[in-house]
1. Could you order the peptides 123-129, 249-255 from most to least packed, using the average number of other C-beta atoms within 10 Å per residue?
2. As I understand it, the dipole of region 131-285 uses +1 on the Cβ of Lys and Arg and -1 on the Cβ of Asp and Glu, about the Cα centre. Which of P205, A241, N184 lies farthest toward its positive end?
3. Order L11, L89, most accessible first, counting only protein heavy atoms with a 1.4 angstrom probe.
4. Applying 1/(1 + (r/R0)^6) with R0 = 35 Å to the Cβ-Cβ distance of V57 and R268, what FRET efficiency is obtained, to the nearest 0.05?
5. Rounded to whole Å and sorted largest first, what semi-axes of the equivalent ellipsoid does the C-alpha gyration tensor of region 196-278 yield via the square root of 5 times each eigenvalue?
6. Are there GluC sites (Glu not before Pro) in region 260-308 that DSSP puts in a loop and that have at most 14 other Cβ atoms within 10 Å, and which ones?
7. Largest first, how would R121, R72, R274, R286 line up by accessible area (1.4 Å probe)?
8. Using a simple charge model, +1 on the beta-carbon of Lys and Arg, -1 on the beta-carbon of Asp and Glu, nothing else, what dipole does region 175-232 show about its Cα centre, in debye to the nearest 20?
Amino acid sequence: MSTPDLAAERLVPTTWEGWFRWAHHQIPKPQSPARGTPAACERYDAARLDYLGKPFVLETPTIRTVMTAVRRLLILNRHATSARRGLILEGLGGTGKSTSVTELGRTHHLSIDLRHPGHDRIPVVYITVPAPATARMIAVEFAHFLALPIRSRANMPDITESVCRTLIDARCDLVIVDEIHNLNINTTHGGEVSDQLKYLSERIPATFIYAGINVRDNLFTGPRGQQLASRFALVPTRPFAYGTAGQRQEWDAMVASFEAALCLRQHRNGTLARHSEYLYTRTNGRIGSLSTLVRGAAIDAILSEKERITRDILDDQLLDHAAENPGAVESSQPA
């Protein structure tokens with residue numbers, strides 16, 4: 001498997017080429033030009049908008065938990081020949097599941113590159129479960145990630161065998177399966193998909209990580225569910241809480257981290273801290289919504305040339321329906 005060209009701009013992490021580019025793609029915080037010529041200022045503004053267009057990845061409690069747990073699992077699974085242990089992240093949307101697992105994958109990928117430069121390896125696979133999924137579709141998703149040719153008449157065992165051989169040869173040791181809520185093992189197709197993933201985890205000497213929205217009712221029932229429950233640890237992701245002094249301090253620290261990442265000419269650190277409770281109310285404690293709110297406000301501050309975030313700018317931001325109507329969304333979730 002050749003090393004992708006970093007000069008290309010497509011950053012689609014569900015292919016090896018796109019994942020490689022995404023993992024190595026960094027947008028540093030722009031530095032204000034020493035000489036404020038019109039051209040330099042225009043370039044600085046363009047760089048700031050590009051920087052704000054990429055989500056800030058901050059060290060949340062969930063990311064810390066996942067990083068620690070998976071480092072441990074990678075070691076525990078290193079010499080296992082079967083029944084490898086895995087991890088499932090589950091919770092409401094916007095609570096950091098996909099961000100946590102992709103950042104985990106990026107960190108592991110870069111660590112392997114640093115320790116084994118120049119090696120022809122694929123340390124991480126990242127796929128999403130399509131809806132509705134079949135076992136063959138899962139095999140095809142893996143093959144698509146690896147850019148393996150699939151003949152029109154290729155059957156599922158042939159595709160699966162090709163995937164397994166490729167990932168064993170490439171020394172893959174981390175497989176991330178996102179959108180796992182599209183799998184319900186209580187249905188015929190869902191059960192077949194679960195069996196396919198189990199087979200892949202037995203053949204490929206890698207640690208498997210799943211992420212999805214409120215998945216325990218879909219994954220942990222029946223004989224297949226019991227087997228999953230005996231091999232996978234569950235890490236719940238939740239919105240931040242704000243009831244105790246310690247919880248408010250944790251939220252305030254997250255707000256301060258977002259503020260420190262901004263690059264506005266007139267903005268003073270501590271401004272967002274004064275709006276911490278308001279930010280919590282607007283986002284219902286969802287880290288994804290907070291990221292959208294703060295970055296969107298910073299973009300408007302640049303485009304309006306105000307260069308600082310004000311309450312009015314924050315009020316003007318449009319957020320996701322889950323943040324704006326948390327009670328309605330949560331009450332519609334299955335018990």
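The values are calculated or read from the model by the stated rules, or taken from the named source; none is laboratory data. In this text, all values refer to a predicted model and were calculated from it rather than measured experimentally. Cβ coordinates were reconstructed from backbone atoms using ideal geometry, including for glycine residues, and neighbour counts include every protein chain displayed. Just so you know, the surface numbers come from the protein's heavy atoms only, side chains and all, with ligands and any DNA or RNA stripped out. Shrake-Rupley method; radii C 1.70, N 1.55, O 1.52, S 1.80 Å.
1. Peptide ranking by packing, descending: 123-129, 249-255.
2. Toward the positive end, the furthest listed residue is A241.
3. Solvent-accessible surface, decreasing: L11, L89.
4. Numbers: r = 24 Å, r/R0 = 0.69.
The calculated FRET efficiency here is 0.90.
5. Working: eigenvalues 347, 60, 17 Å².
Equivalent ellipsoid of region 196-278: 42, 17, 9 Å, largest first.
6. Passing sites in region 260-308 are E305, E307.
7. R274, R72, R121, R286
8. Values: 5 positive and 6 negative charges, 39 e Å.
So the dipole magnitude of region 175-232 works out to roughly 180 debye.
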